[in-house]
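Okay, so here's the structure we're looking at.
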Amino acid sequence: MTERPAASPPAPAPADPVDAIIGQWAAVRPDLDTAAMEVFGRIFRLSRAMGDRMERAYARYGVSRGEFDVLATLRRAGEPYTLSPRQLSGTLMLTTGGMTGRLDKLERAGLLRRSPDPHDRRGLQVTLTDRGRELIDEAVGAGLAEQTAALSSLDRDRAEALAGLLRELLAGTGREQGAS
């Protein structure tokens, strides 16, 4: 049996702004354990950078990130792509006032429609229109292309390992949030 040579570990990433911040803290407060700051500083910066990229990707379709989230939630619900405003608010962790503004704009754009709930005279249903479904199907592809491009600096195994580590970290915070 021929042994494969051991894969060499990946080269360390170049220093980044978080390294500079950690170095500054080490100089003035060497007693601090800044390991958490290294992780969360990078997560926050990554979130901001990717949020900006996603916002630009969705803007090409005439929707903001928040509006994309509404359309994506309806699309993921499956046919007939209908949820109540309360279900949408709960999934997206929005107040009813915040949800109403998004629904108003998306309805004016012809991407969804609101109608009375046939099972509850007091309720409404929000349904994705055909135009809304076409738009979200294109926009989600554009968003995934941005995310894939950003992740391309990692090979598949490292990307999967990172996803697993982040899943563990998120579970450890005790706060699971819905995803677009």
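The values are calculated or read from the model by the stated rules, or taken from the named source; none is laboratory data. In this text, all values refer to a predicted model and were calculated from it rather than measured experimentally. Reconstructed Cβ throughout: ideal geometry from the backbone, glycine too, with neighbour counts over all protein chains shown. Heads up: the accessible areas ignore ligands, DNA and RNA and are worked out on the full protein's heavy atoms, side chains in. Shrake-Rupley method; radii C 1.70, N 1.55, O 1.52, S 1.80 Å.
Can you name every residue in region 110-122 that is open to solvent by 70 Å² or more (accessible area, probe 1.4 Å) and either in contact (Cβ under 8 Å) with a residue 12 or more places away in the chain or part of a helix (DSSP H, G or I) (or both)?
The answer is Arg113, and nothing else.
Would you point out which residue out of Leu106, Leu154, Leu169, Leu111 is of a type in the set (A, V, I, L, M), over 29 Å from Leu46 (Cα atoms) and touching a helix residue (DSSP H, G or I) at 6+ places or on another chain (Cβ under 9 Å)?
Leu111
Could you look through region 123-136, keep only residues that are surrounded by 12 or more Cβ atoms within 10 Å (Cβ to Cβ) and assigned to a helix (DSSP H, G or I), and pick out the one that is nearest to the chain's Cα centre (by Cα)?
Ile136
Taking region 90-109 as the search range and keeping residues that are under 20 Å from the mean Cα position of the chain (by Cα) and of a type in the set (Gly, Ala, Ser), which one is most open to solvent (accessible area, probe 1.4 Å)?
Gly90
Return the residue satisfying two criteria in turn: it lies in region 7-38 and is among the β-branched types (Val, Ile, Thr) and in contact (Cβ under 8 Å) with a residue 12 or more places away in the chain, and of such residues it is nearest to Asp157 (Cα to Cα).
In this case the residue turns out to be Val18.
Given (1) outside any helix (DSSP H, G or I); (2) surrounded by fewer than 17 Cβ atoms within 10 Å (Cβ to Cβ); (3) within 21 Å of the chain's Cα centre (by Cα), where does Ala149 come up short, assuming only one miss?
(1)
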